[in-house]
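The values are calculated or read from the model by the stated rules, or taken from the named source; none is laboratory data. Keep in mind it's a predicted model, so treat the numbers as computed, not measured. In this analysis, Cβ positions are derived from the backbone assuming ideal geometry, glycine residues included, and neighbour counts consider all displayed protein chains. Surface areas here come from the heavy atoms of the whole protein model, side chains and all, with no ligands, DNA or RNA. Shrake-Rupley method; radii C 1.70, N 1.55, O 1.52, S 1.80 Å.
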Amino acid sequence: MRMRARAATVTATLFLATAATTGIALGEGAAAPRPMPAFIGKGLVQVFNKLGARTKLDVQDIGGGHRTVLWPFNWKVCTQTPSAGAPLAGHSRVGVGVVKKTERCPKR
(Lines give C-alpha, C1' and ligand atoms only; values in the text may rest on other atoms or scores of the structure.)
Protein backbone atom coordinates (compact mmCIF):
# COMPACT_ATOMS: atom_id res chain seq x y z
CA MET A 1 0.00 0.00 0.00
CA ARG A 2 2.78 2.38 0.92
CA MET A 3 4.63 1.58 -2.32
CA ARG A 4 1.57 2.46 -4.42
CA ALA A 5 1.17 5.82 -2.70
CA ARG A 6 4.85 6.64 -3.26
CA ALA A 7 4.62 5.60 -6.95
CA ALA A 8 1.53 7.77 -7.42
CA THR A 9 3.33 10.75 -5.84
CA VAL A 10 6.36 10.30 -8.10
CA THR A 11 4.12 10.00 -11.17
CA ALA A 12 2.18 13.14 -10.25
CA THR A 13 5.41 15.05 -9.62
CA LEU A 14 6.84 14.00 -12.99
CA PHE A 15 3.60 14.99 -14.73
CA LEU A 16 3.59 18.44 -13.14
CA ALA A 17 7.26 19.00 -13.95
CA THR A 18 6.72 17.94 -17.56
CA ALA A 19 3.65 20.15 -17.88
CA ALA A 20 5.56 23.12 -16.50
CA THR A 21 8.50 22.73 -18.87
CA THR A 22 6.42 22.05 -22.00
CA GLY A 23 3.77 24.70 -21.34
CA ILE A 24 0.79 22.33 -21.03
CA ALA A 25 -2.14 24.02 -19.33
CA LEU A 26 -3.31 22.09 -16.29
CA GLY A 27 -6.31 24.21 -15.37
CA GLU A 28 -9.62 24.62 -17.15
CA GLY A 29 -8.60 27.91 -18.77
CA ALA A 30 -6.19 28.04 -21.66
CA ALA A 31 -2.61 29.14 -21.05
CA ALA A 32 -1.68 32.68 -21.99
CA PRO A 33 -0.40 32.96 -25.57
CA ARG A 34 3.36 33.12 -25.92
CA PRO A 35 4.94 36.34 -27.15
CA MET A 36 6.00 36.77 -30.76
CA PRO A 37 9.77 36.30 -31.08
CA ALA A 38 11.98 38.97 -32.67
CA PHE A 39 12.95 37.75 -36.15
CA ILE A 40 14.19 40.92 -37.88
CA GLY A 41 17.76 40.45 -39.06
CA LYS A 42 17.67 36.68 -38.55
CA GLY A 43 17.53 33.88 -41.07
CA LEU A 44 14.19 32.67 -42.38
CA VAL A 45 14.99 29.17 -41.15
CA GLN A 46 14.81 30.45 -37.56
CA VAL A 47 11.23 31.59 -38.19
CA PHE A 48 10.25 28.09 -39.25
CA ASN A 49 12.08 26.57 -36.27
CA LYS A 50 10.55 28.84 -33.62
CA LEU A 51 6.93 29.01 -34.76
CA GLY A 52 4.57 26.15 -34.13
CA ALA A 53 3.24 23.98 -36.93
CA ARG A 54 -0.24 25.44 -36.41
CA THR A 55 0.92 29.00 -37.14
CA LYS A 56 0.10 30.22 -40.63
CA LEU A 57 3.18 31.86 -42.13
CA ASP A 58 3.07 34.33 -45.03
CA VAL A 59 6.51 34.89 -46.58
CA GLN A 60 6.98 37.71 -49.07
CA ASP A 61 10.06 38.87 -51.00
CA ILE A 62 10.28 42.62 -50.33
CA GLY A 63 13.47 43.11 -52.32
CA GLY A 64 11.51 44.30 -55.34
CA GLY A 65 11.96 41.20 -57.48
CA HIS A 66 8.76 39.41 -56.44
CA ARG A 67 10.73 36.18 -56.26
CA THR A 68 9.44 32.92 -54.87
CA VAL A 69 11.13 31.76 -51.68
CA LEU A 70 12.11 28.16 -52.34
CA TRP A 71 15.14 27.64 -50.10
CA PRO A 72 14.70 29.33 -46.66
CA PHE A 73 18.42 29.07 -45.85
CA ASN A 74 19.14 31.80 -48.45
CA TRP A 75 16.80 34.44 -47.00
CA LYS A 76 16.79 36.84 -44.03
CA VAL A 77 13.90 38.62 -42.34
CA CYS A 78 13.47 42.40 -42.77
CA THR A 79 9.90 42.90 -41.51
CA GLN A 80 7.48 40.96 -39.37
CA THR A 81 3.86 41.15 -38.28
CA PRO A 82 2.88 41.03 -35.50
CA SER A 83 5.75 42.90 -33.91
CA ALA A 84 8.10 41.26 -31.43
CA GLY A 85 6.52 40.75 -28.01
CA ALA A 86 2.91 40.76 -29.23
CA PRO A 87 0.79 37.84 -27.98
CA LEU A 88 0.90 34.92 -30.40
CA ALA A 89 -2.06 32.57 -30.19
CA GLY A 90 -1.77 28.97 -31.43
CA HIS A 91 -3.63 29.59 -34.70
CA SER A 92 -2.11 32.99 -35.48
CA ARG A 93 -1.13 34.30 -38.87
CA VAL A 94 2.42 35.63 -39.06
CA GLY A 95 3.85 37.62 -41.94
CA VAL A 96 7.52 38.15 -42.72
CA GLY A 97 9.15 40.24 -45.42
CA VAL A 98 12.43 38.75 -46.62
CA VAL A 99 15.38 39.44 -48.92
CA LYS A 100 18.31 37.27 -49.97
CA LYS A 101 21.00 37.09 -47.30
CA THR A 102 23.45 38.93 -49.56
CA GLU A 103 21.05 41.88 -50.01
CA ARG A 104 20.21 44.84 -47.78
CA CYS A 105 16.76 45.29 -46.32
CA PRO A 106 14.85 48.12 -48.03
CA LYS A 107 14.31 51.27 -46.00
CA ARG A 108 10.89 51.51 -44.45
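The figures follow:
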| quantity | calculated |
| --- | --- |
| Which listed residue, of ARG93, ARG104, ARG108, is charged (D, E, K, R) and without any contact (Cβ under 8 Å) to a residue 12 or more places away in the chain | ARG104 |
| Residues being aromatic (Phe, Trp, Tyr) and at pLDDT 95 or above - total across the range 57-80 | 2 |
| Subset of the range 75-99 (residues that are surrounded by 14 or more Cβ atoms within 10 Å (Cβ to Cβ) and within 13 Å of GLY41 (Cα to Cα)) | TRP75, LYS76, VAL77, CYS78, THR79, GLN80, VAL96, GLY97, VAL98, VAL99 |
| Criterion violated by VAL59 - all others in (1) in contact (Cβ under 8 Å) with a residue 24 or more places away in the chain; (2) open to solvent by less than 50 Å² (accessible area, probe 1.4 Å); (3) of a type outside the set (D, E, K, R) satisfied | (2) |
| Filtered residues of the range 43-67 (kept if more than 22 Å from ALA89 (Cα to Cα) and of a type outside the set (Gly, Ala, Ser)) | ASP61, ILE62, HIS66, ARG67 |
